[in-house]
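What follows is a short report on a single structure.
Derivation of every value follows stated rules applied to the coordinates shown; laboratory data play no part. The model shown is predicted, which means the values in this text are computed figures rather than measured ones. Virtual Cβ from ideal backbone geometry, glycine too; neighbours counted across all protein chains shown.
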Amino acid sequence: MRVQALTAVLAAELVLLASIGGCGRRTTPPATPLTPTVFQPLRQELNKSYAELFRIAPTLEYSQAQIDSMREYLKQAEDFCIGRVDDRADQYEKQLAAYQEKLREPATNGGRHNLHCEIQNTRAMMNQAKVLAQTAIPVSYENRKAKLDLIQNWPTDLKTIKQQIASGAYRDRRWGNVEDIGFREVASGQEDDIKTGQDAIRDMKAAGLMPRAIEDPEVVNYVRNLGARIASRSDLQVPLHITVLNSQEINAFALPGGYLFIERGLLEAVENESQLAGVIAHEIAHAAARHGHKLMVRATISSIIYQAAEVAAIMLTGGVASIGIYYAMQYGFFGLGLVLNLNLLGVSREYELEADQLGIQYAWNSGYDPSGFINFFDKMASKEGYVRGISWFHSHPPFYQRMVEAQREIMFLPARPAITNTREFQQMKRALARVTAEARAEESEPNRPSLLSPEPGCPPPPIISFQDQRQVEDVCQLNPEQLAPRHGRSLRAD
Ligand SMILES: [Zn+2]
């Protein structure tokens, strides 16, 4: 029975693959605009990391016309890809309605069970297709376009930066007085935010919005020590409180008043201490500059939390096409960063850039390689980062601007020997592996109550996602070689 149910889902996928169209989007893959000898290598460059492109961009020789053609191609390719996956989501929706219609007919117990499994899996596939179309695909193309901008503009930007360094003009930039970190005033009245932060935490807990905290002392002490070290070398004037949340989301956020939340997924994703230091320093910068306070002047905490609880409820009951459903479905908890009001977190385009700059300064001032921040961004801009780190990207400034401004700040900072990794980081990773294993075991408990998988004994829904080494084109089958029949399923189950 189980095999049949799954086969039916797979067969439905194959049928859907044949149908393209709708929504006024492009229905055919765009033609390659450049000769293969230019197109292929340029496409390869766009798969490279930002860090590498900063190094090699001045040596690359693509003409303006070639870069413009590629930009147009990417635009069309994205349109096609989103259209294709959107269409897929629509088909799932129709399929779902058909299954639900069938529920009205008399059926044996076994038949009904199968139908429930079909509904469950189709719902899961539909939500995942929506996640891809609404967020993962746009983010992946946005990164490519930013890398194209980098190839085009970085050589000129680099010259300007070098001139500014040579002339000493760089010292006049905003927050250029890095020797005064901790003594200058980035924002006065930080202590006034403590109550705001405490109220937000209390209300979030009351609304059931706060995932539980990790208690493992090795993990928690490590993160707190690292945070304290950076805070003491920053402009933060209030005590820092760090909580590590047991949630798979790759994210960290700061509530006003020095309350930092680091999610387990972030600790899993960082590759070394300088990357983690970069993210923590960025969050400390939000608190030090009082971004949350500045943005939520008109809102009250309770109205924000009420709104967040409402959004979360809609996500959990699957009432709205939302990326949060993906989390609810897969992890039993949605991306917290998605439901919280960005004003509360101090996230805006302008403040993000300021937090990047200050954060890079704080990481550097604490003895870390300030490039850790860019390296982590690079990691998030690849494969699984798109999906598990959705909140990381939402409403952030254009990637090219963000990366260039970060790189510029790094170049303006006096060079010093810098820490990339430590033994303590490796120890934390080992302790974290135990915490993760426990959490995963709990998450896969067969009788674990969940709003979204009410039918026990169904095969697990296929997971659609970017996989290691796979390109976004694989998801929408843009690569001609991917259109071959043996790759018949564009959305591959893990
Ligand atoms: Zn931020």
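Which whole-number value in Å³ per residue fits the convex hull of the alpha carbons of the range 17-135?
Once divided by residue count, the hull of the range 17-135 is 139 Å³.
Out of residues 5 or more away from residue 419 or on other chains, whose amide H comes under 5 Å of its own, with H placed 1.01 Å from N in the peptide plane?
Those lying under 5 Å, H to H, from residue 419 are 368, 369.
Report the label-to-label distance for residue 438 and residue 153 in nanometres (one decimal), using points 7 Å from each Cα along the Cα→Cβ vector.
According to this spin-label approximation, the distance is 4.7 nm.
At 0.36 nm per residue, minus the direct Cα-Cα distance, what do residue 179 and residue 216 gain on full extension? Give it in nm, one decimal, please.
9.6 nm
What's the FRET efficiency of residue 166 with residue 59 using the Cβ-Cβ distance as r and R₀ = 30 Å, to the nearest 0.05?
0.90
Which of 261, 399 has the fewest other C-beta atoms within 10 Å, and how do the rest follow up to the most?
399, 261
What does the highest-first list of 197-209, 219-231, 53-65 look like by mean Cβ count within 10 Å?
Packing proxy ranking, top to bottom: 219-231, 197-209, 53-65.
Which order do 45, 191 fall in if you start with the one that has the fewest other Cβ atoms within 10 Å?
Ascending number of Cβ neighbours within 10 Å: 191, 45.
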